[in-house]
Amino acid sequence: MQQNCKNVYITTPIYYVNDVAHIGHAYTTIIADMLARYSRLTGSKTFFLTGTDEHGQKIAQSAEQRGRTAQEYADEVSGKFRTLWDDFDITYDKFIRTTDEEHKIGVQKAFETMYNKGDIYKGDYEGYYCVSCETFFTEKQLIDEQFCPDCGKPTNIVKEESFFFKLSKYEDKLIEWYEQNEDCILPRAKKNEIVNFVKGGLRDLSISRTSFDWGVKLPESLNEPKHVMYVWLDALMNYVTALGYGNDEKNMEFWPATSHLVGKDILRFHAIYWPAFLMSLDLPLPKHIAAHGWWTRDGEKMSKSKGNVVNPKEVADAYGLDAFRYFMLREVPFGQDGDFSQKALMDRINSDLGNDLGNLLNRISGMSGKYFDFKVTSKDVKKYHQKELDEVETLLENIEDYLYKMQINRYLEDIWKVLTIANKAIGDYEPWAKMKEGKEEEAMALVALITNIMARVSLLLDSVMPEKIAKIATSLGVEISTESYHKLIKDKELLDDTTITKVEQLFPRIEEILLEQAPEVKKDKNEVEVKKEEPSVEQEDDNLITIDKFFETTLKIGTIVEAQEVPKSKKLLKLQVDVGEGKNRQVLAGIKEFYSAEELVGTQACVVANLKPAKLMGMLSEGMLLAARDENGLNLIRPEKPKVAGTKIS
Ligand code: ME8
């Protein structure tokens, strides 16, 4: 991203079609989508590119192994990527395929231009090639004289006629570019690695192959039909051919790119080869090349052979797309490696999204509904809450800078600090107490403060969680638009009078008990137990409910007739409880740390008897025991003297 830029151009890598999309692909694409959405909201003209990388020896081999033509195979896998991004509502402006005719024409034009400039010459290549990384290596670079230093797979010896690009010629110019553009490569630590690599000396780069034919042919003017282009030259050029380079050039107004988002493993190609090609073509250089870290799963590298590759669709289906997007963007500092675990994802959902964000909306709707018939006016916010407004302004003042520097996690951290201000203000000012004291104006000012904070947060989070934020905005009566962005974020104005509407709970709590399951993403979705609604603000703030509401819960005395430990569970005991129905109920209770199975048999407890049955660890639970927990531990709530099983508690 770049500050105050008229045109913004954001790209993801184009993904190889030899594999299905995994969490690493989803990560880059979600970051790019977030930045593109944000940029559009600010009013910048934005172009967002993604696509697939379809040529090269690796794809040719994968197709052959499956008995397919390379084109058929590429069509199928490229289609899958596109469908996934469409399912994920990724707002790309173009999905490029390197097998597109216009792309091939553009790459040939680039080759011809570099050749005519004297930057390409013909020679013989002799060295090692890693098909998996589509990269050339010298013998010195190999591990144990044979293995690829990047992926560890065996390399092949390549000895063939090849065209070379004079990469060495651009060494000094590259260093000058790095030195003059502080943020051209992000994060800075990665930039230093690149600068040191280039300072160590660059060799000319082999940019054509003759031993297979699945690639873009060299321009006809060269009359070299045996050669196809090196897949990385072909692939990198996608960033300009997608804008029409070599064809109609109709979108070249977006060049140079604002941000090329890439994984750290492919930074070298983007930060060395790509700018050198662009220099040779006399095209301007990208503003930022931003390299993110590597995702592992439960602390381990993901690999097909281990069967632990995280499928982003499964995660999004199980936990919700917006929650997944939030998790990916928040969990790890950009540039660092991150670990995917269900526990971390569930913590984010329950804590950040459920408690801090979702609950705040419930509180607004509860308070405004109970006290003001859902009508909110900002007229006295400044009178009573200038302090909170100032605190919010200070946090939001420079928040966009984080996006320009790709520190999306810090951007989100500061938004959450703003939510903390709102949640704290409710506790500090106790609007329910103000109402009791007849200080309606003050209570309204507080409700309006929270509504205004939520409106600002919604504008800033729209790019992160578009679906949920649309619901929040509707509930607040706020439009997510460039106009609102300027009014509320840039000009710091307060909301006009608005009417709140109730929405369903946005981030239902995911049960903690799930964490004890095998850490498999793929699981029976019924096991994701969703807790009942959080208490509404009316209950929370003054603890009053009607008697009817209380009697919606059926409480009975139950006698525990059997108790067993649940294997592999730290918390669960499996109980058979007699609640006077002739047949025992199975109840899974999270009390194993406090009671042994033996001591429970024959004792009584209070049972919530009309809970919807739920599955925990694949087992049915048909009720819940009442318990109280403090710093001394947990105790079941029991009748003072034994009662007949099934006796109603009232
Ligand atoms: O490299 N965590 O394509 P690709 C995070 N076609 N990111 C990961 C990851 C992980 N575990 N595994 C892979 C290519 N990635 C080329 C790009 S662009 C002109 C050509 C990232 O499908 C990886 O770092 O192998 C890269 O950014 C992206 O997935 C695409 O990888």
Discussion item. I need the full set of residues from segment 101-127 which are outside any helix (DSSP H, G or I) and open to solvent by 40 Å² or more (accessible area, probe 1.4 Å), in order please.
Written reply: Lys117, Tyr121, Lys122, Asp124, Glu126
Worksheet entry | Failed item, numbered, when Leu84 is tested on (1) open to solvent by less than 10 Å² (accessible area, probe 1.4 Å); (2) modelled with pLDDT of 95 or more; (3) not β-branched (Val, Ile, Thr) | (1)
Worksheet entry | Only listed residue being closer than 27 Å to Ala110 by Cα, modelled with pLDDT of 95 or more, out of contact with any helix residue (DSSP H, G or I) (no Cβ under 6 Å at 6 or more places or on another chain) and within 15 Å of the ligand (Cβ to nearest atom), chosen from Leu233, Leu243 | Leu233
Worksheet item: Taking segment 596-638 only, how many residues are outside any strand (DSSP E or B) and over 40 Å from the mean Cα position of the chain (by Cα)?
Response: 10
Fill in: Unmet criterion (only one of (1) more than 15 Å from the ligand (Cβ to nearest atom); (2) surrounded by 18 or more Cβ atoms within 10 Å (Cβ to Cβ); (3) part of a loop (DSSP other than H, G, I, E, B); (4) not hydroxyl-bearing (Ser, Thr, Tyr)) for Arg330
(3)
Worksheet entry | Options Gly299, Gly320, Gly335: the member that is within 16 Å of the ligand (Cβ to nearest atom), open to solvent by 20 Å² or more (accessible area, probe 1.4 Å) and on the phi > 0 side of the Ramachandran plot | Gly299
Worksheet item: How many of the residues making up segment 18-35 are open to solvent by less than 10 Å² (accessible area, probe 1.4 Å) and either more than 8 Å from the ligand (Cβ to nearest atom) or free of Cβ contacts under 8 Å to residues at least 60 places away in the same chain (or both)?
Response: 8
Item to complete: Kindly indicate whether Ser341 is among the hydroxyl-bearing types (Ser, Thr, Tyr), in contact (Cβ under 8 Å) with a residue 24 or more places away in the chain and away from the ligand (no atom under 16 Å from the Cβ).
Response: no
Fill in: Exclusive hit being away from the ligand (no atom under 16 Å from the Cβ), assigned to a helix (DSSP H, G or I) and more than 18 Å from the chain's Cα centre (by Cα), set Arg348, Arg363
Arg363
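So, Glu101, is that one modelled with pLDDT under 95 and farther than 30 Å from Ser458 by Cβ or not? Don't jump to the end; show me each part of the working.
Working: modelled with pLDDT under 95: no; farther than 30 Å from Ser458 by Cβ: yes.
No; evaluated as a whole, the condition is false for this residue.
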Item to complete: For Leu395, indicate whether it is assigned to a helix (DSSP H, G or I), surrounded by fewer than 21 Cβ atoms within 10 Å (Cβ to Cβ) and at negative phi.
Response: yes
Item to complete: Could you tell me whether segment 183-201 includes any residue that is under 20 Å from Arg97 (Cα atoms) and part of a loop (DSSP other than H, G, I, E, B)?
Response: no
Worksheet item: Can you tell me which of Ser168, Ser162 is touching a residue at least 12 places away in the same chain (Cβ under 8 Å), part of a helix (DSSP H, G or I) and over 37 Å from the mean Cα position of the chain (by Cα)?
Response: Ser168
Response to the item:
Among (1) within 16 Å of the ligand (Cβ to nearest atom); (2) under 30 Å from Leu403 (Cβ atoms); (3) free of Cβ contacts under 8 Å to residues at least 12 places away in the same chain, Asp86 falls short only on (1)
Worksheet item: Is it true that Ser280 is under 25 Å from Lys190 (Cα atoms), open to solvent by less than 10 Å² (accessible area, probe 1.4 Å) and more than 14 Å from the ligand (Cβ to nearest atom)?
Response: yes
Worksheet item: So which pairs qualify, if the first residue must be in segment 233-250 and assigned to a loop (DSSP other than H, G, I, E, B), the second must be within 11 Å of the ligand (Cβ to nearest atom), the Cβ gap must be under 7 Å, and the two must be at least 6 apart or on different chains?
Response: Ala242/Leu49; Ala242/Ile96
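The values are calculated or read from the model by the stated rules, or taken from the named source; none is laboratory data. Note that the coordinates shown come from a computational prediction; the quantities given were computed from them, not determined experimentally. As a convention, Cβ positions derive from the backbone with ideal geometry for all residues, glycine included, and neighbour counts pool all protein chains shown. The protein model used for the area step is the full one, side chains on, heavy atoms only, and it has no ligands, DNA or RNA in it. Shrake-Rupley method; radii C 1.70, N 1.55, O 1.52, S 1.80 Å.
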